[in-house]
Each structure stands twice: as structure tokens, then as C-alpha cells.
Amino acid sequence: MSLRQSMAGLHTWGGLLPSWLLYVIIFAGTLACFDKELNSWMRPAVQQTSTASMSADEVRAWLQANVKEDLHAFWMHGPTVREPYWKLGWEVDNSESTHQVALDPKTREPVPDTVGGDFFFTLHYNLHSGLIGMYIVGLAGMFMLVALVSGVIIHRRIFKDFFTLRPSANGQRAWLDAHNLFGVVGFPFHLVLAYTGVAIFVASYMPAGGQVAYKGDIQHFFTEVMGGFNREGVHQPGPEPRSLDALIEQSRQHWGGVETGWVSVDHPGDLASVVNIRPYDTSRIRLPQSTLTYDAGTGELLNEQKPSMGYRAFGWLSGLHMVQFGGSLVRLLYLLLGLAGCAMLVGGINVWLAKREARGGAGIAVVRALNGAVFAGLPLASLALLWGNRLIPAGTLERANAEGWVFAGSWLLIAGWSLLRRNRPRAMLRDVLGLGSVLALGLPLLNVFLTEQRDLLATLSRGDWSLAGIDLFLLLVGLLCALFAWRYQQPAVQAAPRRRVRVVEEGV
């Protein structure tokens, strides 16, 4: 057996088995490119036209007035173009209990809770399953690397097929063309993103080296690699805290005018209390890693963290994967290439399905049901989540959890429907496209009635492209779904028989 023949089988089964999981990971990561815009869109109570802004000291004052527990730490981030509100979080002392709120800069009050775009970011990297989910995602990423490399080895006509797409051909040939086209278009991007996605969690995936070298003190390893600063005096009363705004301005001057990002206070009120301030710079791929540490009482600069060369390389890989640089055009490019990755997976599975449908068997029905449950269920559940965000009352207890249940319940309903319609794939596809059209087109309309100054005309008139872009994207998705739903409503046209596709060359 030649190398290409052996790689064909590896590509087929190594790509098929994790493909539904990879679709969830890639689709969620694609949406997470605009997680901050979604965070803002899903908080319609924030006053977009506000010129007033809270200060960091006012945010701390709100925390002191509303949270009575002793805190281990708290952290905050000021308004940005993508998120025009204060983000505040805190951890209760002697516990792992953390909380977070978003504060409207004008009203100085928390806005209704929401899972926001962070929901898709978390789904992308750990499936909302903690450490176990992160390991599953890492394993799926390794499978994707194997499928990508083996796909290149078996693909002799990679440049020719880049220009080949025959949607009117028989089912297998058309799906194979789509799989090849989207695979070739996004290959460098998918290879880099799969590699960086695995690499940035390598210390968690392969912890043995650090455990042995640091004799089980893994925290010492992270402190040495990332830098850190600790003081004596925990739980000993400290002096009155220094103004956070003054320290922020001091940090801005220290960095030559660079804006500040996250501000955290460790052991507030204790003698050991320190203020850590990081820069906010989206002009570079590498995420900002420098940190200035001040005495929370006197304001004295105690430490300036300068990351090592290895940690800077790690930051570059993380920044390349998380796309917090380059503005909206770069994020849009990531989104389009991410959608190409989803299309590549859909095409690949349908090639496998079309090749084996004539043989029948229980496996065919299972694959059809999974296709409908995942490929259609996840996008529709994501749209249902946005509907839940608009329709769930602002005062609902555990509102963010309620949004999550809307997502999960909708996904289960679509999965059940796909199971019932598994033997009528064309009718099922028509149904989900029609539903997708209604959900996507209805959201911008819903904004007109349920939000103030957040509808499409209002956001376009004031040049707020962060919010307008989401509504425009929803309209585009809705129109495309309506077009394809109409197309699948028409009687199917049988394509002329074509020659059998070569198994070895295409790897199916």
C-alpha cells in the first residue's frame, strides 16, 4: 500500500469521527471573533449616546457599597469602542466564588446580566465543561491537524481543484468539489489556527515536564514563566487605598501614552494589597503582557513585569489565535475563513454520506441525524440565544443561565426534529432553512420594538458599526436562508450520471 493510499483512509476516518465536534468548535470560535461586539449587542440597556463616564474610583466605590464580603481580589476594565461600558469582577476571599457585572457609564448601575459573546468563546475552547472540555477540544484539534496534513498528501490536484466547483453535478461530485474548494482556500489559516489552538494550552495538555522540574509546585512554574509579584501582610490591616485613577494616569505616562486595560487589586484592604495595571494595545498581534505593580496604599511602583522571550512567543501565538488585533477587517477575514472551515467539514461528511447512501445501513441514518442535529442545530440554537436575550425580562433571576437554557433547549429540539426527519434530508433542510430565515430576519425587527436607539437605522445614523454590523449580518443570513429554502422547495432535478470518483485520489 502506497503512502497516499494509507493517508486516504486516515484522512477519511480521522476527519469523519471528530467532524461534528470540530464543527461546534470552529463555528463557536468563528462567532467569537466578534465576541466583544456581541457582548455590547446583548446589553441593549447600555446608553450608547452617553458622553458621561465613570471613573475607576467610582467603580471601586460601587463595589464597596454593594459587596460586603471580604474579597481576595477584584478587577476592572474601562469602556472601549467595542465594549462601551465598565467590566467589573471580584473573587470572595477563601473561596473560588467569582462574580462579574457590567456597569453603564451614564447611569452608574449594572445592566441586566447576559452570557454575551463570551458564551461562544467558552464553547469554543472548553465546551462549557471546564478542564475535561478543554482536553476534549485539544484532542479534536490534534485530529484536525492529522486530517489537514493527510488531506494535502492525498490531494494531487490541489491547484486545479481550487478553480473547480460543479454544484449541478451529482451529489457526491458536487460535495467533493465544495470540500476541496473550501479546504484549499482556508488551508493555511486552518493549519495555523489548529496548531496555535493546541500550542497555547500545551502546559495543560502535557503537564508532566513542569511537574517534575518544579517538584509538583506548578504555581512556581507559572510565576517564573509569566512573572508575578507577592508581598507579606495578607489579612493585616492596611492604609487607605490610593486613587486608582491616579495610578492609571501614572501608568499611561510610564508607557508613553499607551492606554491602560485591565486593572486588578489583590488583597484589597490588607497590608499586602497591590494594584496591577496592564496596557491596552490592539495594534500588535502579541497580547499585552507587561504589568506595573503598585503599593495600593502609597502608590509606590513596586515591580514592572517584563516577560521572557519564551512567554512573548507564547503571547504572539495566543494573539494570532484570538485575533484581538488589526481591527474589524482582520476579524471579518477570520470570520469568513472560519465559515469556510465549517463548509469544508459539511462538504467532507456529505461526500462520505453520498458515497455510501446506495448501500444503506443503520450508519447512514445516524450520520444524517447527526448532520441535522449539529450542522443545522448549532446555528439555529445560536439565533435562538439572541432571541432569548431580547425576550427574557431584564429582572429575571439568573438571567444569563436562562439564556443558556434557551440555547440548549433549542438545540435539543432541532436535534429531535432532525432525528424524526432523517430519512427525508431535503425536507429537513428546507425546514431548518425556513426557520433560520425567520429567526435571523426577525432579530433586527425585534430591535425596533424592544430596544431604545439600538435598531439598525439608529446605529447606522450615528455610525455605530459594531452594532449595525451584527444586524446587517443577520439580515444577510436571513435572506440567504430564505433563498435556499425556496430553492429546496422546488422539485429536485436528477443530475446526469457521471463517472465514479476515484477513492485514492480524493480520500473518501
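The values are calculated or read from the model by the stated rules, or taken from the named source; none is laboratory data. As the structure is a computational prediction, the values presented were derived from the model and not from experiment. Ideal geometry is used to build each Cβ from the backbone, glycine not excepted, and the neighbour counts take in all protein chains shown. What goes into the accessible areas is simple: the full protein's heavy atoms, side chains included, and nothing from ligands, DNA or RNA. Shrake-Rupley method; radii C 1.70, N 1.55, O 1.52, S 1.80 Å.
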Output the 0 to 90 degree angle, nearest 10, between the alpha-carbon long axis of helix 309-322 and the longest principal axis computed from the alpha carbons of the chain.
50 degrees
Sulfur and carbon atoms: percent of accessible area, the chain [1.4 Å]
63 percent
At a threshold of 8 angstrom on Cα-Cα distance, excluding pairs fewer than six apart, so keeping six or more, what relative contact order does the chain reach in percent?
19 percent
Is the shape of segment 356-431 rounded, prolate or oblate, going by the alpha carbon gyration tensor and its root eigenvalues a ≥ b ≥ c, with a/c under 1.5 for rounded and a/b larger than b/c for prolate?
prolate
Tell me the accessible surface of R82 in square angstrom (1.4 angstrom probe, heavy atoms of protein chains only), to the nearest ten.
30 Å²
Quick check: with the 1.4 Å probe, what order do M322, M142, M7 take by accessible area, largest first?
M142, M322, M7
Surface per residue (accessible, 1.4 Å probe) for the chain, Å²
50 Å²
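Rounded to the nearest 500, what is the 222 nm mean residue ellipticity of the chain from helices alone, with -39500 (n - 2.57) per DSSP H run of 4+ residues and division by all residues? Numbers along the way, then the final one.
On the way: 21 runs with 296 residues, N = 508.
So the helix-based figure for the chain works out to -19000 deg cm²/dmol.
Give the shape of segment 304-399 as rounded, prolate or oblate, defined through the alpha-carbon gyration tensor: a ≥ b ≥ c are the square roots of its eigenvalues, a/c under 1.5 means rounded, and otherwise the shape is prolate if a/b is larger than b/c and oblate if not. Mind showing how you got there, number by number?
Working: a/c = 2.75, a/b = 1.42, b/c = 1.94.
The shape class here is oblate.
Q219 to T298: extension gain in nm, 0.36 nm per residue of separation minus the Cα-Cα distance? Please list the in-between numbers first.
On the way: separation 79, 0.36 × 79 = 28.44 nm, distance 2.83 nm.
Taking Q219 through T298 to full extension adds about 25.6 nm, to one decimal.
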Once you have the Cα-Cα distance between R356 and L475, take 0.36 nm times their residue separation minus that, and quote the gain in nm to one decimal.
39.2 nm
Using only alpha carbons, build the gyration tensor for segment 73-129 and give me the equivalent ellipsoid semi-axes, biggest first, whole Å.
21, 18, 10
Taking only Cα atoms, what is the 0 to 90° angle, nearest 10, from helix 327-356's long axis to the longest principal axis of the chain?
30 degrees
Nearest 10 degrees is fine. How inclined is helix 171-199 to the longest principal axis of the chain, computing both from alpha carbons?
20 degrees
Row for segment 362-481, column shape: gyration tensor on C-alpha, a ≥ b ≥ c, rounded if a/c < 1.5 i.e. under 1.5, prolate if a/b over b/c, else oblate; value oblate
If R₀ is 35 angstrom, what is the calculated FRET efficiency for the pair V438 and T80, using the beta carbon separation as r and rounding to 0.05?
0.55
Could you work out the pair-distance distribution P(r) of segment 1-76 from its alpha-carbon pairs, with 5 angstrom bin width and percents rounded to whole numbers?
3, 10, 10, 10, 11, 11, 9, 8, 6, 5, 6, 5, 4, 2, 0
In what sequence, largest accessible area first, do W75, W13, W352 appear using a 1.4 Å probe?
W13, W75, W352
Let me see the pair-distance distribution of the chain: every alpha carbon pair, 20 Å bin width, integer percents in order.
19, 50, 26, 4, 0
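State the number of lysine pairs found in the chain whose Cα atoms come within less than 22 Å, restricting to pairs 8 or more positions apart or on distinct chains. Write down the numbers at each step before the final one.
On the way: K36/K87; K36/K106; K68/K87; K87/K106.
Eligible lysine pairs with Cα atoms under 22 Å apart amount to 4.
Given R₀ = 22 Å, FRET efficiency for E398-R108 by Cβ-Cβ distance, to 0.05?
Working: r = 24 Å, r/R0 = 1.07.
The computed FRET efficiency comes out at 0.40.
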Can you tell me how much longer the chain between K68 and Q453 gets when fully stretched, taken as 0.36 nm per residue apart minus their C-alpha distance, in nm with one decimal?
135.0 nm
